[in-house]
1. Compute log10 of I(q)/I(0) for segment 394-443 with the Debye formula, placing one identical point scatterer on every Cα and leaving out solvent, at q = 0.17 Å⁻¹, to two decimals.
2. So how do F435, F403 rank on accessible area, 1.4 Å probe, biggest first, that is with the largest at the start?
3. Which value, in Å² rounded to 10, gives the accessible area of K390 with a 1.4 Å probe and all protein chains present?
4. Where in segment 284-319 does the label zone of T436 land, with the point 7 angstrom along Cα→C-beta and an amide N cut-off under 15 Å?
5. Please give the Cα centre distance for segment 405-430 versus segment 185-212, rounded to the nearest Å.
6. Set the Förster radius R0 to 56 Å, insert the Cβ-Cβ distance between D326 and E142 as r into 1/(1 + (r/R0)^6), and round the FRET efficiency to 0.05.
7. Whose amide H sits under 5 Å from the amide H of R396, counting only residues 5 or more places off or on another chain, with H placed in the peptide plane?
8. Amide H neighbours of A285 under 5 Å, counting only residues 5+ apart in sequence or on other chains, H built in-plane at 1.01 Å?
Amino acid sequence: MPPSDRDLERNRFAARASRYARVGVNVGGVAARIAGSQLLGRATGRADRAADLRAALGGLKGPIMKVAQLLATIPDALPPEYAEELSQLQSDAPPMGYAFVKRRMAAELGPDWQAKFGSFEKEPAAAASLGQVHRATSRGGELLAVKLQYPDMASAVEADLAQLSLLFDLRRRFDSAIDTSEIVEEIGARIREELDYRREAKHAALYGVMLADTSEVRVPGVWNELSTGRLLTLNWLEGRRLLVHKEAPLEIRNRLAVAMFKAWWRPFSRHGVIHGDPHLGNYAAFDEGGEPQGVNLLDYGCIRIFPPAFVGGVVDLYEGLRDGDDARVVHAYETWGFRGLKRELIDVLNIWARFIYGPLLDDRVRTIADGVSPGAYGRAEAFRVHQELKRKGPIRIPREFVFMDRAAIGLGGVFLHLKAELNFRHLFEEAIADFTVERVEARQAEAMAEAGLAP
């Protein structure tokens, strides 16, 4: 049996129990204080409890950190005090030592794994919540990025998601304005997918297909023969962090922002696929002729593939808001899975919709939002929506809505970091120029088949 087929780490009870105990001591203590004082849904004292939770999570590594950061960027998943605290968490994990790396690589590629590379750097180039990346070269000399998953991540994910459910149970007890059950399900599904590096390899291949004609965006090639379920090898793409260019001339910052817009909106509007984690660390700017010309997409773990009808809802909402067509707006919400909508709830949802779609409806050159820091983008609007729902709700957030919303906020934050000034309406109209649900369905099926993904 090949080494990659011996799955000795799949959600082991002993590893899960050990992780649950370590995380539970930290998170459970905070949860008990929150429950005892019934402060999660009140303003008084929430800042202290939020700081307690951040401190509890700050000493932990692994999936719980990724979960916490996801929650901090999903609008209204948490009270604002909690979102603010958790957004400051850093997910960098201490790297595995080289002796450990060698054992992990042998388990994935066999004892002769080193002979399959031209070179392999002992020190990782990056370490994050689920794994670490090493620079390497192929036997033919091509630069490679080799991502190796930490041990027992399946068990750690299940234990950490159990703690997530505990925190959300507390929220529902003290604040029922928004039913967050679908948020929990969606986060769990996406985190579990991120553990499957074979699927991530297919995601990278999918993006290679979808963006093949977009010169401003580069996608690394996949080395399937050097990849397994917990090992992913891609071409190394040279580039510099986007924030290196935040004080560059406006022309350069706008060029990078346009590349980011196309990297996100073209796959969605044409194929119904989004990159659900528009974190600055997942992108780098590539140079040509001595200047930045576009962006490299570096990570493909958090990818969301939508039914084509969902994309139709996005276009319907845009055109309904643009044209003042209330029936089309309601149809969009219903397409996304919102149920039992009354006029007053529709008005509340429209507060958020007009914020998200505002730059796309405004036919002029502008920033994505004036006078707002990247970390605060969308937070005031989410708070306003929540306050309204306390009076007019509750409402259940459909799971497919979760990462769409999160990604839109993350992308807006990138535009704010770059201080880009663009006509976002022109860019969006270009992205949906030939849109029909039927075309999205056909393109999606063709691209997924080419990437080896099941429909």
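The values are calculated or read from the model by the stated rules, or taken from the named source; none is laboratory data. Given the structure is predicted, the values throughout are model-derived calculations rather than measurements. All Cβ positions, even for glycine, are placed from backbone atoms using ideal geometry, and neighbour counts span all protein chains on display. Surface accessibility is based on the protein's heavy atoms, side chains included, excluding ligands, DNA and RNA. Shrake-Rupley method; radii C 1.70, N 1.55, O 1.52, S 1.80 Å.
1. -0.82
2. On the way: F435 45, F403 0 Å².
From most exposed to least exposed: F435, F403.
3. Answer for K390: close to 100 Å² accessible.
4. Answer for this model: 309, 312.
5. Here the answer is 23 Å between Cα centres.
6. Working: r = 55 Å, r/R0 = 0.99.
Given R0 = 56 Å and the Cβ-Cβ separation, E is 0.50.
7. HN-HN under 5 Å from R396: D179, R339.
8. Those qualifying (amide H under 5 Å, at least 5 residues apart or on another chain) are R240, R241, L242, N296.
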